[in-house]
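Before I ask anything, let me first share the structure, which is written out below as structure tokens.
The values are calculated or read from the model by the stated rules, or taken from the named source; none is laboratory data. Here the structure is a predicted model, which is why all the values come from computation and not from measurement. Every residue, glycine as well, gets a Cβ built from its backbone with ideal geometry; the counts of neighbours run over all protein chains shown.
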Amino acid sequence: GPERIVVIPGDGIGKEVVPAAREVLEAVGPDFEFEEADAGDAVKAETGEALPEETRDLAANADATLFGAAGETAADVIIPLRRAVDSFANVRPVRAYPGTDALQPGTDLVFVRENTEGVYAGHESEIAPGVTTLTRVVTESASEEIARYGFEYAAERGSRVTIAHKANVMRTTDGLFLDTARRVGAEYDVDADEALMDALAMHLVQRPEEYDVVVCPNLAGDVLSDLAAGLVGGLGLLPSANVGDERALFEPVHGTAPDIAGQGVANPSAVMLSAAMLLEYLGYDDAGERVRSAVTATLESGPHTPDLGGDATTSDVTEAVLAKL
Ligand code: NAI
Ligand code: MG
């Protein structure tokens, strides 16, 4: 039967940009069955639950989920949603688009971030008043899974891999991560190098064009991908995917943008690019590429929403993208 896509607009501009992305998905064809579901501040105010059981179950059983953003309840929504789809990889393409004012116009890279362990595994405690500890968890299985995803991704696109780590200091944990990534990389015909994550932060600022696919432990990926986002200026342009073996969750990197919510001027590009990733995840590579090209062409030609210096509305941009499709 048709693939089941769960659509969760959420709060704020999520309600404005997610419907635009759904229109784009409908325009490119595959015979999807869409189900709309609630999550976020508004539904919490009504029901007491930021992520209703029904929404969680829908995402856990869908082929893919497209999520907008949640406000104050973001963490209560996103973390369980990522778990609901069993995602082990957080994939964040960061690209400078012609026609936008990027700080580093040569930027075109993809972070493949381990999404389940490291310092975010949740083992934090206060062992005495004023004394706290954190246990960092790195397993060979999760390291292998993320490395394999990164090398497959690079092999498919003919690009190269950089393995980010800090194994000179965290010898045991990042040592395992690095050794595992090296072993996996040796199975692929893909160029790879290794970078200490602190030095990598500096090189990303100076020469982002030298990087393609960057495979990272959890915390490093969180920080480095936000740093790179700053190089292309504009949260309205950044998509992401949380990928599991059987399902996945796609979301723009941005939040609910309370400063512009309700005005109809949010940039729908990030969520449309997330929709392109959703199409590719489900195997509709041509449709995904058509969406990416239409968004890229619209960014180049305009119309532009105010975040990119224009005065167009969300629906002006959506119409322009639909026309290009
Ligand atoms: P934000 O991403 O909502 O906004 C930061 C700035 O970027 C604002 O000036 C906003 O107008 C602009 N912006 C973001 N997306 C845009 C778009 N598509 N078009 C045009 N301009 C855009 O981040 P902020 O302000 O830190 O958080 C606001 C709320 O969103 C908070 O309640 C936070 O918890 C939530 N949040 C939710 C996330 C999620 O659900 N994944 C992620 C980040 C924040
Ligand atoms: Mg982050």
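Select from region 273-312 the residues that are without any contact (Cβ under 8 Å) to a residue 12 or more places away in the chain, more than 22 Å from VAL6 (Cβ to Cβ), in a helix (DSSP H, G or I) and touching a Gly at 6+ places or on another chain (Cβ under 9 Å) and list them in ascending order.
Across region 273-312, there are no qualifying residues.
Which condition from (1) away from ligand 2 (no atom under 16 Å from the Cβ); (2) closer than 24 Å to LEU25 by Cβ; (3) out of contact with any Asp or Glu (no Cβ under 7 Å at 6 or more places or on another chain) is the one that ALA102 breaks?
The one condition ALA102 does not meet is (2).
In this structure, does VAL169 turn out to be over 29 Å from ALA75 (Cβ atoms) and either modelled with pLDDT under 95 or out of contact with any Pro (no Cβ under 7 Å at 6 or more places or on another chain) (or both)?
no
From the list ASP193, ASP259, which residue is free of Cβ contacts under 8 Å to residues at least 12 places away in the same chain, out of contact with any His (no Cβ under 6 Å at 6 or more places or on another chain), surrounded by fewer than 21 Cβ atoms within 10 Å (Cβ to Cβ) and among the acidic types (Asp, Glu)?
Just a single option satisfies the conditions, and that option is ASP259.
Shifting gears a bit: Mind checking which residues of region 313-325 are aliphatic (A, V, I, L, M) and free of Cβ contacts under 8 Å to residues at least 24 places away in the same chain?
Narrowing region 313-325 to residues aliphatic (A, V, I, L, M): 317, 320-323, 325.
Result: ALA320, ALA323.
Also, quick follow-up: Quick one: how many residues across region 270-304 are crowded, with 24+ Cβ neighbours inside 10 Å and among the polar types (S, T, N, Q)?
2
For region 195-240, how many residues meet the condition of being within 16 Å of ARG95 (Cβ to Cβ), of a type in the set (Asp, Glu) and within 16 Å of ligand 1 (Cβ to nearest atom)?
1
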